[in-house]
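Peer 1: Take this structure first; my questions come after.
The values are calculated or read from the model by the stated rules, or taken from the named source; none is laboratory data. Since we're looking at a predicted model, the values are computed, not measured. Cβ placement follows ideal geometry from the backbone for every residue including glycine, while neighbour counts extend to all protein chains displayed.
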């Protein structure tokens, strides 16, 4: 019998009505003859509410007790979902992360899964139950609750699917992965098939459909993955299939446009042009688990020195400036009010016209490019926050993504 892991996000369990609807999807899958395990997020807005309670006592994300507080949201959802599945006429029981054998390492609020003993979930299914696991959480080596960071329930679900040798369906409030955010560009289209690498880049560059680490895990373990809508009737969502690039017969040059608002740029002027100097700059940022992007190094006017720039999320700027390692930079500058827009696609590799199209489209909208970063399947530009919507629409059209063919 095939096994399928179904993950339901915050909007899919945001009310008792939505929980009942999601439970009906799980029940329909079970009645089709598949073993089913469910993984749930906290109800929409619940994690923020719990964080606010902890903050009211002066404790932020990253404290061990804050992890205990915010993990309660998934515990509640798991129990309510198990109840709703029982109302569908099936047996069901809930599991917390540690009960499902999820072992973690790393700091509170940003732990990583280093092991998963799926036997409790497997035995539950073997006895005719639909197990419901609380996502976003596991236990450290000393038995303490640890959470996996924002979007961590996606990672919980993919890790469970890998351990069960199962496929994984991610249910959300949209019917799959789109060429860009439909709220900005109404002509955005659902992508039927997309590669793990493209999904990983879209997630990393701001697309909020799937957590970056979950896409990375799915690729590493070759977990069959789909993104579907829980707001459709059971079995009616077409969704997006995420798969190996070599299994996609027809590839477009560009698959999607992603964006991330509220970026900050940090510029170190006149840093010693040695490998040790750059390593010192980033050591403190790494220790604080601050994500760094769009790194650019260029020669300074002073011989033997360089200018080093990078971007971080705006919310991390203060911490980043405090955490920059020992540096002999002549000056350290920062700038906010910026956004990152990224073009992603397997066909970008070695296509000279990709950059031409990007710069021409943005120039036509009078949008200045501050910084550029590229990879084999991505080109990202740093622009003013206020220009994001114009940039997304212009690039979506320029690369032919408006075309429904």
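Peer 1: Take residue 205 and tell me if it is touching a residue at least 24 places away in the same chain (Cβ under 8 Å), closer than 30 Å to residue 334 by Cα and in the same structural domain as residue 290 (by TED's automatic domain parsing).
Peer 2: no
Peer 1: In region 359-375, what count of residues is obtained for those that are in contact with a helix residue (DSSP H, G or I) (Cβ under 9 Å, 6 or more places away or on another chain) and either under 22 Å from residue 264 (Cα atoms) or touching a residue at least 60 places away in the same chain (Cβ under 8 Å) (or both)?
Peer 2: Qualifying residue count for the region: 8.
Peer 1: Which residues, counting only those in region 348-369, are at pLDDT 90 or above and either touching a strand residue (DSSP E or B) at 6+ places or on another chain (Cβ under 8 Å) or under 24 Å from residue 297 (Cβ atoms) (or both)?
Peer 2: Result: 358, 359, 362, 367, 368, 369.
Peer 1: Separate question: Say whether the condition of being surrounded by fewer than 19 Cβ atoms within 10 Å (Cβ to Cβ) and either part of a helix (DSSP H, G or I) or not assigned by TED's automatic domain parsing to the domain that holds residue 168 (or both) is met by at least one residue in region 57-66.
Peer 2: Among the residues of region 57-66, at least one is surrounded by fewer than 19 Cβ atoms within 10 Å (Cβ to Cβ) and either part of a helix (DSSP H, G or I) or not assigned by TED's automatic domain parsing to the domain that holds residue 168 (or both), which makes the answer yes.
Peer 1: Quick check on my filter: what residues within region 330-353 are in contact with a helix residue (DSSP H, G or I) (Cβ under 8 Å, 6 or more places away or on another chain), surrounded by 13 or more Cβ atoms within 10 Å (Cβ to Cβ) and over 19 Å from residue 207 (Cβ atoms)?
Peer 2: Correct list: 332, 334, 337.
Peer 1: Sticking with this one: Report yes if residue 120 is outside any loop (DSSP other than H, G, I, E, B) and either buried (at least 17 other Cβ atoms within 10 Å of the Cβ) or at pLDDT 95 or above (or both), otherwise no.
Peer 2: yes
Peer 1: Determine whether residue 54 is touching a strand residue (DSSP E or B) at 6+ places or on another chain (Cβ under 9 Å), assigned by TED's automatic domain parsing to the domain that holds residue 108, more than 20 Å from residue 158 (Cα to Cα) and free of Cβ contacts under 8 Å to residues at least 24 places away in the same chain.
Peer 2: It is true that residue 54 is touching a strand residue (DSSP E or B) at 6+ places or on another chain (Cβ under 9 Å), assigned by TED's automatic domain parsing to the domain that holds residue 108, more than 20 Å from residue 158 (Cα to Cα) and free of Cβ contacts under 8 Å to residues at least 24 places away in the same chain.
Peer 1: Right, another one. Are any of the residues in region 16-25 without any contact (Cβ under 8 Å) to a residue 60 or more places away in the chain, assigned by TED's automatic domain parsing to the domain that holds residue 171 and surrounded by fewer than 20 Cβ atoms within 10 Å (Cβ to Cβ)?
Peer 2: Looking for residues that are without any contact (Cβ under 8 Å) to a residue 60 or more places away in the chain, assigned by TED's automatic domain parsing to the domain that holds residue 171 and surrounded by fewer than 20 Cβ atoms within 10 Å (Cβ to Cβ), one finds at least one in region 16-25, hence yes.
Peer 1: I'd like to check something: does region 75-93 contain any residue that is at pLDDT 95 or above, in a loop (DSSP other than H, G, I, E, B) and closer than 18 Å to residue 41 by Cα?
Peer 2: Within region 75-93, not a single residue is at pLDDT 95 or above, in a loop (DSSP other than H, G, I, E, B) and closer than 18 Å to residue 41 by Cα.
Peer 1: Before we move on, is residue 153 at pLDDT 90 or above and surrounded by fewer than 19 Cβ atoms within 10 Å (Cβ to Cβ)?
Peer 2: So residue 153 does not fit the description; no.
Peer 1: For region 321-329, indicate whether the set of residues that are free of Cβ contacts under 8 Å to residues at least 24 places away in the same chain and not in a helix (DSSP H, G or I) is non-empty.
Peer 2: Checked against the condition, which is being free of Cβ contacts under 8 Å to residues at least 24 places away in the same chain and not in a helix (DSSP H, G or I), region 321-329 yields no hits at all.
Peer 1: Residues that are part of a strand (DSSP E or B) and modelled with pLDDT of 90 or more: does region 213-223 have at least one?
Peer 2: no
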